[in-house]
Structures are given as C-alpha cells and as structure tokens.
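The structure under discussion appears below in the form of structure tokens.
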Number of protein chains: 2
Amino acid sequence: MYDLILRNFAMHILIHEDEQRYVLAGLQHRNVKKNEVLLQADEICRNVYFVNQGCLRLFHTDREGQDHNILFCPEGWWAADMASFSAQKPAFFSISALEDTEVLYFNFNVLERLYLEIPKLERFFRILSQNGFSLFQRRLTSSHSQTAEERYARFQRLYPALERRIAQKHIASYLGITPVFLSVIRNK
Amino acid sequence: MYDLILRNFAMHILIHEDEQRYVLAGLQHRNVKKNEVLLQADEICRNVYFVNQGCLRLFHTDREGQDHNILFCPEGWWAADMASFSAQKPAFFSISALEDTEVLYFNFNVLERLYLEIPKLERFFRILSQNGFSLFQRRLTSSHSQTAEERYARFQRLYPALERRIAQKHIASYLGITPVFLSVIRNK
DNA sequence: CGTCTATTTGAATGTACTCAAAAGCGGTGG
DNA sequence: CCACCGCTTTTGAGTACATTCAAATAGACG
C-alpha cells in the first residue's frame, strides 16, 4: 500500500526508516468511486491526496457551468487545490475521480506538524511545488504559442497512457478546446 | 536596500534578527539596464532574483523567434526559471529587464546551504512556489475559459499599475494575443 | 434491450491572425 | 530646437482556426 508513495518521496528526498514510519503514520486512506467528488469548489481543501491507483481530475467550473480540466492525476501524482490547502480558504478548483480510485492523504494540520518535525518533508513539497509551478508555466506558454493540434500532439507525446484511458471530452477540456473540435483533429 | 525583501520574508515566515543577518549575508546585489538579459534560455539558471526596483519579464522564445511573456516581475517579486534553477539544467525561459532594474539574488549553492541551516527559508520558498503554482493554474484556466477581451480586463483589474508601465506589445504577449489585436480591444 | 451520454459530421459563425500601410512617439545628433 | 530614424501603435481588408448548432451514429451501463 505504501510502496508507491515511498518511491515518490525517494525521488526528491532521502528518508530514514524511523522517519518513514512516522510520516506514513500521518497518512490516511480512502477509496473513491468514479465521478465521486473529493473536493468541491468554494469548500476548503483540507487534504493533499496521493493517487495510489486510479485517476483524479482537477477542474474549474465557470459561470456558464462549463468544466475546465487543468490536471489529470493518475497513479503517483498528488492532487489538491494548493492555494486553498495552503491558506485554508475556499477552493477555486474541484477534484473528482475519473475512475474508481484509491488515495492516501495528509490532512492540513498533520502536514503542518510533520513539516516542523521532519523538515525534509517540507523540502519534498517545496520541490513538488516548484515542479508544478514550472509545469504550468510551460503549459501556459504552450497554450499561447501553439495551435490546438500541436497541443494535442504534445499531450499524446507526454502522456501516451492517459490518452487511451481518459474520455475525449475530458482531454478536450484539458487542452482548452471543444470535444467537437478534438474529434475533428483526431480524424486526420 | 534590504527593507523590501525583509517585508517579503515576513509575509510568510517569522525570522529572528540573527537569522536575518545570516540570510542577508548570503544575498548578492546587481543593477540591470533596460533590455539587459539576466538569464538566456539554454543556459543554466544559477540565481533566484528578487526585484528591489524596476521590472523584469520572464519569457520564452519559440522556433519562429517570437517571444511569449509569461510573467512580469516588478518590485517585490521573485524571478527565476525554477525548473532550471532547481535541477541546475538548461533553462526553457529567459529573463530580461523592461526597465533599469535593481535586483538582490541568491546563488544556487548559497541557497541550498541556507535551506539546511535555516529551514524556515525552505518553508518560505515552498509557500512561494505553491502560490506561483496556483497562480499559473488559474492563468491557464483563464486562458481556456475566457476571451482575449476578458483576460485583458482581468489583467487590468489585477495589475492596474503594470498596465500603465509596460508596453502594449509586452502585455499582448503576456495575454497570448498579437499587439494588433490588443490595440483593437483597447479602442472599444 | 433501452436509455443516456459521448462522439462524429457538416454548415454557418465568430474570434483572433496576417499582411500592409499609415500615424504616433521617443531618442539622438546636427 | 528641430529633423530624422527606428520602433510601436493604429486601422482596414482578407484569412484561418476554432466555435456553435444541429442531427446522426456509436458506446456504456443498468
């Protein structure tokens, strides 16, 4: 159960066995059914979720009721509305499950405590946030400098597994285009 | 000289006077002339810059030689290609000055050392990165759900000071549209 | 099997772009 | 102080990329 998350930690920090046990003891566990909502916009994001199995999506619902996916979180990814979690204020984004999903998660207070007790964990989330920061800077650049067709090709190249796993309408939303237009692009 | 940066630290962490002196001792200082390049894409980003006065821009130059601004950094903002800085690998973005600018900066090795000696500093940059992360998630959402005119209105609302200070072509690039089209939008 | 949702296809429309030319503006040197 | 040069902004015409609307088809799930 903790295999994937330990390897995830190990990508950025070196963590001793006793610290490991301590960190894992702070984790909670939950199974989420397809289409179940883990975080509703305007509520406070009280947890950061690690996806052990399945896939989540992070999205915003606009005034017209249209969803805009901004991130897919399959196995090994972390999901949260970081601004909401960090400041414990209402969320802009929502999180829901694209498949039956198994998550591990830290509650806000637990993580704040762990930051103080195990500074390496703070380092881990600093690096994670920096990577996310960079990822979205590049996504925005891509959105500004490339056509929908080029962005779709990029998505296929970067996430070949997701492309087969996720419904077209969700990929279209992620790319910032309509499902209709993605269908046109695909059939070329 | 250190007034602005100390207030910046104080926004997220509480830092004692002796720690303060220690952190400030790690800072370097530099004056940059308008249009001077602080970081060239493909080089390694060796510093994180804090803008004391003036304004920087973070941008990507695509294959056709077109610039795409993704961030303006006036007084009180931090500038770096975080992916490049963090991993000390070639940068995707460049940084240059929109005005004569005064920066303070941490070199990579110095900051890594400070992270270990003063964990609070690592907390500071974690929070900074999380905020940046969220900022760009929302920018991408805005780019996917709003028209150019709405995004321009949003920019004016969020950064009224910058709107008067920065050339139209740079604002257009930031919004992901052509200067020609921004001119059309403005004259309505 | 039937219902509901997702995808495909085509036509008409809209948003933003390219190209081109003119006008404005800022700095520099005579 | 004015004249000139280069760069930025404006304006208009034609075009391309992506959308909306609508109807038909395909797929998923109880």
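The numbers here are math on the coordinates, done by the rules we state, and not lab data. Note that the structure is predicted; figures quoted are calculated from it, not measured. Cβ: placed from backbone, ideal geometry, glycine included. Neighbour counts: every protein chain shown.
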dims of chain B, Cα set, principal axes, largest to smallest, nearest Å -> 55, 32, 29
So, with points 7 Å from each Cα along the Cβ direction, the A:GLN88-A:TYR159 label distance in nm works out to 3.1
Using only Cα atoms, figure out Rg for the protein assembly as shown and give it as a multiple of 2.2 N^0.38 Å. 1.01
The rounded separation in angstrom of the Cα centers of the range A:92-166 and the range B:86-108 is 24
Unit-weight point scatterers at every alpha-carbon of the range A:41-85, Debye formula, q = 0.13, 0.23, 0.25, 0.27 1/Å: log10 I(q)/I(0) is -0.31, -0.86, -0.95, -1.03
By count of other Cβ within 10 Å, fewest leading, how are B:VAL184, B:VAL110, B:VAL103, A:VAL48 ordered? B:VAL184, B:VAL110, A:VAL48, B:VAL103
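For the range A:55-111, report the % of Cα-Cα distances exceeding 19 Å. All intermediate terms of the calculation are to be shown ahead of the outcome.
Working: 538 of 1596 pairs.
So the pairs more than 19 Å apart make up 34 percent of the total in the range A:55-111.
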Of all C-alpha pairs within the range B:78-119, those more than 13 angstrom apart amount in percent to 64
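Given the Cα-Cα distance of B:ASN109 and B:ARG7 and 0.36 nm per residue of separation, how much length would full extension add, in nm?
34.3 nm
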Distances in nm, one decimal, shortest first, from B:LYS33 to the same residue in every other copy, taking the label point 7 angstrom along Cα→Cβ. 6.8
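Given 37 °C and 0.692 mPa s, compute D for the range B:38-137 with the Stokes-Einstein relation, Rh being the Kirkwood radius over Cα pairs; round to the nearest whole µm²/s.
Value of D from the Cα-based Kirkwood radius: 234 µm²/s.
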List the distances, in nm and shortest first, from the label point of B:ASP3 to the matching label points in every other copy, placing each point 7 Å from Cα along the Cα-to-Cβ direction. 5.9
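Kirkwood hydrodynamic radius of the range B:75-182 from all distinct Cα pairs, in Å?
On the way: mean 1/r = 0.0612 Å⁻¹.
Averaging 1/r across every pair of different Cα atoms and inverting gives 16.3 Å.
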Distances from A:GLU117 to the same position in the other copies: list them in nm, one decimal, shortest first, using label points 7 Å from Cα along Cα→Cβ. 2.9
Mind giving me the FRET efficiency for A:GLU150 and B:HIS16? R0 is 51 Å, r the Cβ-Cβ distance, nearest 0.05 is fine. 0.50
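Normalised by the empirical 2.2 N^0.38 Å for globular proteins, what value does the Cα Rg of the range A:1-59 take?
On the way: Rg = 13.7 Å, N = 59, 2.2 N^0.38 = 10.4 Å.
Expressed relative to 2.2 N^0.38 Å, the Cα Rg reads 1.33.
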Between A:LYS34 and B:ARG30, how many nm apart are label points set 7 Å from Cα along the C-beta direction? 5.4
Relative contact order as a percentage, chain B, C-alpha pairs under 8 Å and 6+ apart, gives 24
Could you tell me the relative contact order of the range A:34-117? Use alpha-carbon pairs under 8 Å, at least six residues apart, and round to a whole percent. 44
